[in-house]
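A short reminder: the numbers here are calculations on the coordinates, not readings from a lab. Just so it is clear, the model here is predicted, and its values are computed rather than measured. So basically every Cβ, Gly included, is an ideal-geometry build from the backbone, and we count neighbours across all protein chains shown.
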Amino acid sequence: MARIKPQTLLLQSKKKRGPSRVSVPMMILYGLFIGLVVFSLFATYRHWSRRSVEQMGSGSSNFEDVDFSVDSKKYDLPGYAILNTSKGAIHVELFKDGAPEIVDKFLDLCQKGHFKGMAFHHMIKHYVIHGGDPQGFGAAEDWISRGKLRGKLVTSPKHEAFMLGTSKSKQDSKKFELFITTAPIPDLNDKLIVFGRVIKGQDVVQEIEEVDTDERYRPKSNILIYDVILKREV
């Protein structure tokens, strides 16, 4: 068997060793390259995610401008009111679609307690009961005479009995008046803005209507509204 020379053994031992170590400058260079790639990916992700969020935001604002914000606001408002009077409770359905501005004003005044302690100042049998400004019925006789002289009623739900309205001429917070009709009134639209109807407690309205009054339709005993309770459903 031939002997292997020492130089040959030295060369073979060098070939069996592991790969040579990477130098420090190369490691720094590799690290910088990897960091740059990661940063680029992160920046790209942020850009596209921000853009998608902005697109979603613009889309939702368009929906609100069209319908959804208005509808949600409208349907969130109370649609019913209970007038607790000294004769009993009167349940009223509010016309949120037919008279939205007046209903909003009425709801705002209810929340401020405007109607607490308000009196019904005039009762006209088979016509109307009136609460609010005691001086707001100055032309009552003229209104009654013109209304009752008309023999033919206009077909409209707003002319029916037990409708809730307020004066067209007085809608500020200090003189907001309440009228509840007790009979069909043909020229009702000329005087009142109808914004609701009595759905329960018609007997209470009639009892208030039958209170004794003087020659100017003012009651001889106080009939008060204790408070108003607002409800979304009945």
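Points worth noting:
- Mean Cβ count within 10 Å, highest first, over the residues of peptides 35-42, 125-132: 125-132, 35-42
- Among the listed pairs Lys87/Lys191; Lys112/Lys200; Lys105/Lys168; Lys96/Lys125; Lys87/Lys116, a Cα-Cα separation exceeding 22 Å is found for Lys87/Lys191; Lys112/Lys200; Lys96/Lys125.
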